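Every number in this text was worked out from the coordinates using simple rules, so none of it is lab data. This structure is a prediction, so every number in the text was calculated from the model and none was measured. A quick note on method: Cβ atoms are made from the backbone with ideal geometry, for glycine too, and the neighbour counts reach across all protein chains shown.
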Amino acid sequence: MNQQQYNEMFTAFQTNKILVEQFDIYLKQKCGHFYDEHLFQQLIELSLNNGVIDLECFINQYNETVDTLQYRSEILNNKIKELKVLNQQLSDQLNSNALQQNSLTIQIMDCQNIEIRDPSVYLQICCGAKTHKTRTIKGVSPQIQEQFEFPIDSGCQDIIITLFDSMNENMIGYTQFLISELREQKLKDINRII
């Protein structure tokens, strides 16, 4: 929160001590659809003193929260970049040796730069009604080296690969491939070879 925003808030309330209800109404009006009730409650709990909000304390908590959210956003952006690389690697592997007429073999090689503390993760691969999971692996760049076979039928339109934290079953990220695109790419590769 910059000085102008602080001055605007201070001007709106003419005091550094604000009742929770007044501040809630003010923030809802200022934030519009970006207002987050849960985040507001967390910040208020940290800034509450004898039933009123200390504006300076709230602003400090707000700034720390913004820094944390920006850091998490950077981590998620890096994770997206890594998933795109994984997507390309898997696409290359599928195009070069895995796609057959009635079955699909997916070979998972590794995960790279997992940015969670003490990572313990697994991949779930879904195609139609069939789902496979890798074993649980630990480390920021673990080797997996597992291969899975999927029957390709009319019920299997795409492949979804999801990375999960095995400690709390939270999804870390995912990527998706359309079977039709993989087949077309394979045919293009064959035509180039011929």
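Rounded to the nearest 500, what is the 222 nm mean residue ellipticity of the chain from helices alone, with -39500 (n - 2.57) per DSSP H run of 4+ residues and division by all residues?
Taken over the chain, the calculation gives -15500 deg cm²/dmol.
What does the net charge come to around G51 if you take all other residues with beta carbon closer than 13 Å to its beta carbon, with K and R at +1 and D and E at -1?
With Lys, Arg at +1 and Asp, Glu at -1, the neighbours total -2.
Taking amide hydrogens as modeled 1.01 Å from N in the peptide plane, which residues meet the under 5 Å criterion relative to I144, leaving out close sequence neighbours?
Distant-sequence amide H within range of I144: D110, C111.
For volume of the Cα convex hull per residue in Å³, which listed value, (i) 119; (ii) 174; (iii) 147, comes from the coordinates shown?
Derived directly from the coordinates: (ii).
Once the dipole of the chain is set up with Lys and Arg at +1 and Asp and Glu at -1 on Cβ about the Cα centre, which of A129, I59, L27 lies farthest towards its positive end?
It is A129, whose Cα lies furthest towards the positive end.
At 0.36 nm per residue, minus the direct Cα-Cα distance, what do S141 and E74 gain on full extension? Give it in nm, one decimal, please.
That works out to 22.3 nm of additional length.
Any idea what the relative contact order of the chain is, in percent, if you count C-alpha pairs under 8 Å spaced at least 6 apart?
16 percent
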